[in-house]
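Below is one structure, written out as structure tokens, with a few remarks after it.
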Amino acid sequence: MPFCLRDLGRNIKRLRLSRDSRIKPGKSMLQRELAELAGIPASSLCNIENGKYRNPTWEILGKIAQGLRCEIPDLFVSPEDEVSPSQIALTEMIETLIRDRLDALLAERQKK
């Protein structure tokens, strides 16, 4: 699936939420905080994060990247490169079931 503006917005939001807030220590970076750091209107950042901003310029993306302390290419990580939380949970559940079954089989063999 091709990369779209909604993916860009999700990536920016994900990066923003992974940064610590300077305004509220111990919390994620606020949208208005990133907008201030980037020198862009908070409404523009909101629209970009929601995939509604049709043509974010390289200048705006550069400012956002600078505010996030990252590079512009970091904003374009393909969603296929990320693993969803449900996929992680499913994988962990399967691994646990397999490990439990193997432990039970080994315990049976040791009894014999």
- Note on the structure: Restricting attention to segment 33-51, the residues that are touching a residue at least 24 places away in the same chain (Cβ under 8 Å) and either basic (Lys, Arg) or not in a helix (DSSP H, G or I) (or both) number exactly 4
- Query: Can you name the residue in segment 51-71 that is of a type in the set (A, V, I, L, M, F, W, C) and either surrounded by 14 or more Cβ atoms within 10 Å (Cβ to Cβ) or under 15 Å from Lys13 (Cβ atoms) (or both) and is also farthest from the chain's Cα centre (by Cα) among such residues?
  - Reply: Ile60
- Looking at segment 14-28, which of its residues are within 13 Å of the chain's Cα centre (by Cα) and either surrounded by 19 or more Cβ atoms within 10 Å (Cβ to Cβ) or assigned to a loop (DSSP other than H, G, I, E, B) (or both)? Leu15, Arg16, Ser18, Arg19
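No lab work stands behind these numbers, since they all come straight from the coordinates. These numbers were taken from a predicted model, which means no experiment stands behind them. Every residue, glycine among them, receives a Cβ derived from its backbone with ideal geometry; neighbour counts consider all protein chains shown.
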